[in-house]
1. Label points 7 Å out from Cα along the Cβ direction at Ala67 and Gln48: separation in nm?
2. Counting only protein heavy atoms and using a 1.4 Å probe, what share of the accessible area of the chain belongs to carbon plus sulfur, as a whole percent?
3. Provide the per residue accessible area, probe 1.4 Å, for the chain, rounded to a whole number of square angstrom.
4. Rounded, prolate or oblate: pick one for region 18-74, where a ≥ b ≥ c are the square roots of the eigenvalues of its C-alpha gyration tensor, a/c under 1.5 means rounded, and failing that, prolate if a/b is larger than b/c, else oblate.
5. For Asn76, what residues show an amide H to amide H distance below 5 Å, using hydrogens built from the backbone and excluding near sequence neighbours?
6. Label points 7 Å out from Cα along the Cβ direction at Ala56 and Phe84: separation in nm?
7. Can you compute the helix-only [θ] at 222 nm over the chain? Use -39500 (n - 2.57) per DSSP H run of at least 4 residues, normalise by all residues, nearest 500 deg cm²/dmol.
8. As an exercise, take the mean of 1/r over every pair of distinct alpha carbons in the chain, invert it, and state the Kirkwood radius in angstroms.
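The values are calculated or read from the model by the stated rules, or taken from the named source; none is laboratory data. None of the values given here were measured: they were computed from a predicted structure. Methodologically, a virtual Cβ is constructed for each residue, glycine included, from the backbone with ideal geometry; neighbour enumeration extends over all protein chains shown. When the accessible area is computed, the model is the full protein with side chains, heavy atoms only, and any ligands, DNA or RNA have been set aside. Shrake-Rupley method; radii C 1.70, N 1.55, O 1.52, S 1.80 Å.
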Amino acid sequence: SGSGLFKFEKPPNKVLDFAKNVFNELGNPYASLDIAQSVEGCHLLEYQGTNFGPIAVLSSSTRYVYADDEWKQEPNDQNLENDFVHALNIFIRQHLI
């Protein structure tokens, strides 16, 4: 994403699951993950917690949300404030309640 070259494709559920697991392990309400996939599985190339730019979130037309034990694609309203609140609520529910 740092290059500004974006190609928005539907990620495989394995990549989404991997991202969710890494996010949960980080213990940070906000994370930016660079993930690669190979025949051996998913690989975390780089991550940033809290200190990253929102260009990917603000540029994508859809997002993926994990709800009811499945990944759901939904329109991205590109409202950064709502995204921060959503992420913080998830973090509080998982780590502080």
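1. If labels sit at Ala67 and Gln48, their model points lie 2.9 nm apart.
2. 52
3. The answer is 73 Å² per residue.
4. rounded
5. Close amide H contacts, sequence-distant or interchain: Thr62, Arg63.
6. For the pair Ala56/Phe84, the computed spacing is 1.9 nm.
7. After summing the helix terms and dividing by the residues of the chain, the value is -11000 deg cm²/dmol.
8. Hydrodynamic radius (Kirkwood, Cα pairs) of the chain is 14.4 Å.
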